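Encoded as structure tokens, the structure appears first; notes follow it.
Just so it is clear, none of the values below were taken in a lab; they were calculated from the coordinates. The structure displayed is predicted, hence computed values, not measured ones. Counting neighbours? That spans all protein chains shown, and the Cβs are built from the backbone with ideal geometry, glycine included.
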Amino acid sequence: MKKATTKTKKAPALLTEEQILKMGDDDYMNQAQLDFFKARLLKMEQDLLRNAGQTTENLRETTLVPDPADRATIEEEHALELRTRDRERKLLKKVKASIASIDAGEYGWCVETGEPIGVARLLARPTATLSLEAQQRRELKQKLYND
């Protein structure tokens, strides 16, 4: 009697940062690179959501402390944690938008110029939507007109 064998299809191994950096311009935002960045963004999303859940738990476990100095310290720690979560909430929106842009086939391209953002920049900031030059122009305009 023959045993039925089922072949399980393994997901292809994700590239490493070094492999991505060694790729040429012709390989820019190929499927392997998109898979790498999507996995990185999904991990970021998971970490941000876990942090938010942990903050909720921390705030629920607060005990009342009679000493005003201790109470002030606890309140300051909570305020700092909430500010951090607020920044992470904003980052989470960017992460979700980046994942959506991968699905739409628009990830890795500058929204202002249409030029490649660059692998090195995306490795440093996976949620980047502007090339380095476009980002510098935007920051210069903000500095000139908002000061």
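The calculated FRET efficiency for residue 83 paired with residue 111, based on their beta-carbon distance and R0 = 25 Å, is about 0.35. Here the simple spin-label model places points 7 Å from the Cα toward Cβ, and for residue 71 and residue 132 these points are separated by 5.3 nm. When the helices of the chain are scored as -39500 (n - 2.57) per DSSP H run of n ≥ 4 and the total is divided over every residue, the value at 222 nm lands at -21500 deg cm²/dmol. Remark: the stretch 108-118, residue by residue, has Karplus-estimated 3J(HN,Hα) of x, 10, 4, 6, 8, 9, x, 7, x, 6, x Hz, where x stands for each Gly or Pro and the curve is 6.51 cos²θ - 1.76 cosθ + 1.60 at θ = phi - 60°. Remark: C-alpha extents of the chain on the principal axes read 70, 69, 26 Å, sorted largest to smallest. The GNM of the chain, with springs linking C-alpha atoms under 10 angstrom apart, assigns the highest mean-square fluctuation among 38, 22, 94 to 22.
Among 13, 120, 39, the residue with the largest mean-square fluctuation in a Gaussian network model of the chain, with springs joining Cα atoms closer than 10 Å, is 13. Within the listed set 100, 69, 32, the Gaussian network model of the chain (springs between alpha-carbon atoms below 10 Å) gives the highest mean-square fluctuation for 69.
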